[in-house]
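Inspection log for the structure reproduced underneath, given as structure tokens.
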Amino acid sequence: MSYVVPIHRPSGVRLAVKLNFLDPDVDTLIVAKANRLEIYEQGPEGLTLLHSKTVYGYITILETFRPSSSKTDHLFVGTDRYQYFTCSWDADIRQLKTAQSYVDLADKVLHDSRELDRCHIDPTGRFMTLELYDGVVTVLPFVQPSNKRVKRESTSNTVGTLGEPVQVRIEELLTRSSAFLRSDPDSKEDPKLAILWEDNQENPQLKIRELKYYPGGEQATADLETIAELNGDQLDKGVSHLIPVAAPYGGLIILGDHAIRYVDRDLNNVITQPLDDNATIWTCWTKIDDQRYLLADDFGRLFFLMIEVSGFEVSSWRLDPVGEASKAACLVYLDEGYVFVGSHSGDSQVVHIEEGGVRVMQTFSNIAPILDFTIMDLGRGAGGAQSLEFSSGQARIVAASGAWQDGTIRSVRSGVGLEELGTIGEISHVTDLWGLSSTGKTDVHDTLLVSFVGETRVFRFDAEGSVEEVDAFHHLDLAQPTLFAANLPDRKLVQVCEAGLRITDLDSGMLTLEWRPSDAAAKITAACANSVHLLIVEGGRTLHVFHTANSDSKPTISKTFSADSQISSVTVPDLQANVCILSFWQTASVAILDLHTLETLQTQELGSPGMDIPRSVLVANVMPDAPPTLFVAMADGTVLTYSFDTSKNILSGMTRILLGTEPVFFKQLPKDPESGSGLSNVFASCEQPSLIYSSEGRIIYSAVNAESASRICDFNSEVYPGAIAIATPRELKLATIGRERTTQLQTLPVGETVRCLMYEANAKLFALGCVRRIMEGGTEALLCSVKIADEVSFKELDSVELQDRELVECIVSTGSFDSEELGLGEMFVVGTSLLEEDDSMGGDEVMRGRILVYEVNKEKKLKLVTQIKVKGACRSLAMCDGKIVAGLVKTVVLYGLRPSSTRGGHSLELSKLATYRTSTNPLSLAITPATQDMPAQIAVADLMKSLSILQVIQPDSTNPEYRLRETSRHFATLWSSATAVIAENEWVVADMEGNLITLRQGAQDVEGDYRRRLEVTGEFRLGEVVNKIVAISSTPAPSQAQKTVNGKANGDDARAAGKGASLDPKVPRTGPLVTPRAFLATVEGAIYMLATINPAYVNVLLLLQSALAGRVQAPGYMPWSKFRAWKTEITEKDEPFRVVDGEMVEQALLALNDQELEVVLREGGLMEENLHVSVEEARAWGDELRRLY
């Protein structure tokens, strides 16, 4: 029983249109991302998202039209489920309203279009055509006003809407492009449809067909008569797009990879101009005006195409490069030189066309397509650390995204967003900043003190939010950089500089204390304070303690440490404690000191001296009803946390998390100051800023979308309550931290396609398989390389080029080997495909492959250890108990890495241990490690034949060889794309048609053999192709079925429960609802979390989903159950099987009020005595499920 929910929704853009959707006079941009519609409005700040709506089907068509009875445009939407509908905007309820909806009733024997689905509206507004199947054009008429009074009155409300579809068969099977020829909108001539298609020899042809429509009788008919043709000898092989030229010029522009042609309406006059140096592959175009068009190519370049006319005829045209942007899947010209570039392989952008090129004005992050990804445990699996959870911020998903010049590495973490309030100014080189009150009467800030390398500046804010820089402020020394500043009790203000400290009485305005070190050459290196004590570190060795209540010019107590105990930082708890904590960088330790005697109460070692260096410490009350937490920032970017027991003055419960490569800088922020809880959040400034806070008894590390934030501070002002001040390398600004946790992205441009990647925790680096393309003499060529990069900054450390015509396919980290005595570093195994000429086959090209093993030496360089050629492409790799499992074409091979028998004992070689013959290509492998009771298992996802389970049989006395034995199989035709282990003897498989299936291995018989047929435990349609599935744990947990079998003697009862029988409703509903098992990444840029539902909640969640499904309505009235039902070319079912759609359930629970939810629970039988689910309990479920991510 599975639970599927998106943690990052699809981001790749394939379709976009501009229309007057919300208001007759306001332009709106509507973008399609997989099964979502997003509505944007253009304003002074760029495009703003106004509304987002889920459609129950992958969106394949967007088109606009305006019925004569409507003041605004309507949107026509087509989906991959053969459902098509029109919708408009209901301003009263601010929602999409479906106007017409129908499912295409075409004969199921028709072949789906091999190209994109297309939709056209003829220039006169009388017909719409759909191209959904090869050789078929569907004609939909727009209802026209009638001349007869009776009909006119009856059809007045439907004029301009779509009529019934009529199918017309044509002989053109493979259409490259099509378009209606432009004519006068008031023309009464039959519309003419131009079709660019290719014949069986792949020769392009152009044909003009005239649409004739006959509405008579109950069933209308239509025909498309051929009136003109252009043979292939006048078109080059690379023609791809038709651009209809506006009247009165008419005709068509034909885009080709080596030439652009113009043909008139009758295909008699053909004008050709070669592209010469601009030869390229066109992807899309958009119209600017009647004579200018903007074109985009496959390399991300934009071009202006301007036709030149003589009279009413086109004489020539000019093609001018404009600039570069992301590779465009669609272009929409907004206005005044602004263009929306919708991209599926890079970030979508709004660009402005200027005289010198294009300028990117706005960027919309896109991580599609995700080719590969891995999960990075920021906690390093340290002892005492919390489990690897995405919601806690400890799990970071690192994805290989984009393609070619748009290729990137993306970091995806659970986090919170920053909403900018305004910019104070373009100010750089800020070293720290503090929010202060100029009166000291309240906690409201009106002053921002900003420290720089050589000075301090002060900014004052008035009640309206206006800001002014002042030259003097309460006797503070502004000629030096400030180390610490704060408001103290009794309306005092303290400033600590390198040369000394000053305390000012804000009531009298007098300087009450000024202290400087006795040694004029000594500098203050650190400082901190609470309501009672002020601590100063002089020269890195001497600690001074001042009491804030008095104005003594000398410290209350001081202590000087030895030369080998240099103090790097100091912190003191907020509460009135009598201790402080120091960190010592030379000894790699922290110490708890008594503030009255400065005697050491406890010392805690942090690591190895000289290797692990603490840089700063902070004690904060982060968790309620728990001791304070000590945060230690190490020099390598690691943060250590300890629970600080103030009653016993001891540190315990160490956890570790990696946040950056440089020391983290902490700032304490109040959490809900109105509640009076006294709790704090901690902002960690580094390369990947994080907000550290508590939730449900655990510490959460939430990523923050402030990559450039170098320093921050609390700035709770009257105008901006709860705000923070942020210093970036270029500016100083105010912002607020959002409360809603979402996924936060960070991007590293690579400029190449990252085809595969692997994370190695011990080596602290990533290995990448990259593909780049170059142009040589007008011919495109591919070059591949293997790179290693730093785990945090992603900085490239080394790169190795592969052979010509060799493509990197997969990469895996070896972990530990049997041959550790050789003293090798961490190793990676790379699988490739290689196109070679085979002399034995007459010089024909054949596909081969290589398996290469690289070592990462101490200098972080790649060194080839060994390699082997294989008789087919190596499609997948995995590690199984120290052995390499390679998925070759039609074969799975188990390799061992052993000392070479020919090259000496210090060399390694790959030796074949065992093989298994699979059906086609093993695209994905999932390993279950061996246990004391069970041998290792290999799950093989075959391209065509679904899943097979292999056992790795170890050598024994009767058989000295390794063996791969098939124990179970899924006997079905399934075009597999990825697989992973989700529990003991349970797997999830994704296919090429957007489906997910979970499979379970049956119980063993008396002889210890498994049942041959894998049991289907869940079926679900995701609607997107999954490229990679990564299990959260490498060691599968016991399956629910196994737990049940262990609890009952009868295994048949457990299997019955697995097939849909309700579990005992009297089982107490305790513990978590679901347990996360794996992450799934798709071609559309979505990341999903797959979880297993815990047994006590299986029945109630299924009943709740069934009850909610009838209440949830999407545009077009597509039933939810049909949308999520299993669907392939062979089989189509009516509803999902034993899988809960987390997105639908969570959204429905959020949208329904208490009365509506109570009705749903009663309809689903959830409020009956045996289940007794209350509204409050159902609400709590929704909150718990949402907190998973």
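Below are the figures for this structure:
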read-out: Given (1) part of a loop (DSSP other than H, G, I, E, B); (2) farther than 25 Å from G660 by Cα, index of the condition C580 fails; value: (1)
read-out: Leading residue by the ranking (nearest to G500 (Cα to Cα)) among those in region 542-566 that are open to solvent by 10 Å² or more (accessible area, probe 1.4 Å) and assigned to a strand (DSSP E or B); value: H544
read-out: Residue within region 112-125 that is at pLDDT 90 or above and among the hydroxyl-bearing types (S, T, Y) present; value: yes
read-out: Tabulated pairs, region 1-27, first part of a loop (DSSP other than H, G, I, E, B), second of a type outside the set (A, V, I, L, M, F, W, C) and open to solvent by 50 Å² or more (accessible area, probe 1.4 Å), C-beta under 9 angstrom, 6+ apart or interchain; value: M1/P1095; S11/S365; P24/K71
read-out: Condition met for R114 (surrounded by 19 or more Cβ atoms within 10 Å (Cβ to Cβ) and not in a strand (DSSP E or B)); value: no
read-out: Count of region 585-611 residues which are in contact (Cβ under 8 Å) with a residue 12 or more places away in the chain, part of a loop (DSSP other than H, G, I, E, B) and either open to solvent by 10 Å² or more (accessible area, probe 1.4 Å) or in contact with a Cys (Cβ under 9 Å, 6 or more places away or on another chain) (or both); value: 13
read-out: Number of the condition not met by A259 [criteria: (1) open to solvent by 30 Å² or more (accessible area, probe 1.4 Å); (2) under 28 Å from A296 (Cα atoms); (3) in contact with a strand residue (DSSP E or B) (Cβ under 9 Å, 6 or more places away or on another chain)]; value: (1)
read-out: Residue in region 182-193 that is within 30 Å of Y102 (Cα to Cα), open to solvent by less than 70 Å² (accessible area, probe 1.4 Å) and within 42 Å of the chain's Cα centre (by Cα) present; value: yes
read-out: Any strands (runs of 3 or more DSSP E) falling wholly within region 891-942 and containing at least 2 residues that are over 30 Å from N1027 (Cα atoms); value: 891-899, 908-917
read-out: Y82 being open to solvent by 40 Å² or more (accessible area, probe 1.4 Å) and at positive phi; value: yes
read-out: Some residue of region 668-679 being crowded, with 19+ Cβ neighbours inside 10 Å and out of contact with any Pro (no Cβ under 8 Å at 6 or more places or on another chain); value: yes
read-out: Qualifying residue in region 201-212 (condition: open to solvent by less than 50 Å² (accessible area, probe 1.4 Å) and in contact (Cβ under 8 Å) with a residue 60 or more places away in the chain); value: yes
read-out: Matching residues in region 527-579 - criterion: being at pLDDT below 95, under 22 Å from K667 (Cα atoms) and of a type in the set (G, A, S); value: A529, S531, G540, A577
read-out: Selection status of F85, among the aromatic types (F, W, Y) and over 28 Å from G1142 (Cβ atoms); value: no
read-out: Qualifying positions in region 853-901 - farther than 12 Å from V829 by Cα, touching a Ser or Thr at 6+ places or on another chain (Cβ under 8 Å) and among the aliphatic types (A, V, I, L, M); value: A873, V889, V892, V893, L894
read-out: Options P627, P663; residue that is touching an Asp or Glu at 6+ places or on another chain (Cβ under 6 Å), outside any strand (DSSP E or B) and closer than 24 Å to G393 by Cβ; value: P627
read-out: Failed condition for D636, given (1) open to solvent by 20 Å² or more (accessible area, probe 1.4 Å); (2) modelled with pLDDT under 90; (3) more than 20 Å from G393 (Cβ to Cβ); value: (3)
read-out: Enumeration of residues in region 263-297 that are open to solvent by 10 Å² or more (accessible area, probe 1.4 Å), part of a strand (DSSP E or B) and farther than 23 Å from K18 by Cα; value: V270, I271, T272, Q273, P274
read-out: Strands (runs of 3 or more DSSP E) contained entirely in region 956-1050, each with at least 3 residues that are at pLDDT 90 or above and open to solvent by less than 20 Å² (accessible area, probe 1.4 Å); value: 976-983, 986-991, 995-1000, 1015-1021
read-out: Enumeration of residues in region 879-904 that are without any contact (Cβ under 8 Å) to a residue 12 or more places away in the chain and basic (K, R); value: R903
read-out: Subset of region 327-362 [open to solvent by 10 Å² or more (accessible area, probe 1.4 Å) and touching an Asp or Glu at 6+ places or on another chain (Cβ under 6 Å)]; value: K327, S345
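The values are calculated or read from the model by the stated rules, or taken from the named source; none is laboratory data. All figures in this text were calculated on a predicted structure; none of them were measured in a lab. With ideal geometry, Cβ positions are generated from the backbone for all residues, glycine too; neighbour counts draw on all protein chains shown. Surface accessibility is based on the protein's heavy atoms, side chains included, excluding ligands, DNA and RNA. Shrake-Rupley method; radii C 1.70, N 1.55, O 1.52, S 1.80 Å.
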